Amino acid sequence: MIIVGITGGIASGKTTVVKFLKKKKFIIHDSDFVVKKMYSKPTKSFVKHLKDNNLLGSAKERKIDKKLIREEIFNNKSKKNKLEKFIHKEVKKSRDNFLKKQRAKKTKLVILDIPLLFEAKLEQVCHYIILLYLPRGL
């Protein structure tokens, strides 16, 4: 199975390219979608992690207050690092599960949309990498 990674900075066009590729029926794992899903439909482990790190606040069970989290992690590097580590671990689980399923289906080519591909040192996972770059001012 050939694995192609797509990465790029903020507003470089990743979402646009991924939407186009999905319309063309490419099989894609979207890391940002996994994170959005974590917040919109939090698992018990995510809620427990937030509670354990005092990031849930007075929010109702299984309802995530992103504003509270944002304020807390910007003021506490330790909490920020713990949350990022947890989220990256969950995204990795999702990606690994996706790849395992696609291998079992004998899929010939998959695409991984990983915004922080190089920062997370994930280039070894991919056979090819597409880096989207858009100069400022365009």
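Here are the numbers for the structure shown:
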{"item": "Count of segment 85-118 residues which are within 19 Å of residue 10 (Cα to Cα), in a loop (DSSP other than H, G, I, E, B) and of a type outside the set (A, V, I, L, M)", "result": "2"}
{"item": "Count - residues of segment 26-43 that are of a type in the set (Asp, Glu) and either loosely packed, with under 14 Cβ neighbours inside 10 Å or more than 15 Å from the chain's Cα centre (by Cα) (or both)", "result": "0"}
{"item": "Any chance residue 23 is closer than 30 Å to residue 128 by Cα, charged (D, E, K, R) and open to solvent by 60 Å² or more (accessible area, probe 1.4 Å)", "result": "yes"}
{"item": "Residue 7 vs. criteria surrounded by 15 or more Cβ atoms within 10 Å (Cβ to Cβ) and either assigned to a helix (DSSP H, G or I) or at negative phi (or both)", "result": "yes"}
{"item": "Condition met for residue 121 (part of a helix (DSSP H, G or I) and either closer than 18 Å to residue 17 by Cβ or open to solvent by 30 Å² or more (accessible area, probe 1.4 Å) (or both))", "result": "no"}
{"item": "Filtered residues of segment 124-138 (kept if assigned to a strand (DSSP E or B), hydrophobic (A, V, I, L, M, F, W, C) and open to solvent by 100 Å² or more (accessible area, probe 1.4 Å))", "result": "131"}
{"item": "Count - residues of segment 84-106 that are closer than 24 Å to residue 72 by Cα and either touching a Gly at 6+ places or on another chain (Cβ under 9 Å) or surrounded by 17 or more Cβ atoms within 10 Å (Cβ to Cβ) (or both)", "result": "4"}
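The values are calculated or read from the model by the stated rules, or taken from the named source; none is laboratory data. The model shown is predicted, which means the values in this text are computed figures rather than measured ones. Virtual Cβ from ideal backbone geometry, glycine too; neighbours counted across all protein chains shown. Surface areas here come from the heavy atoms of the whole protein model, side chains and all, with no ligands, DNA or RNA. Shrake-Rupley method; radii C 1.70, N 1.55, O 1.52, S 1.80 Å.
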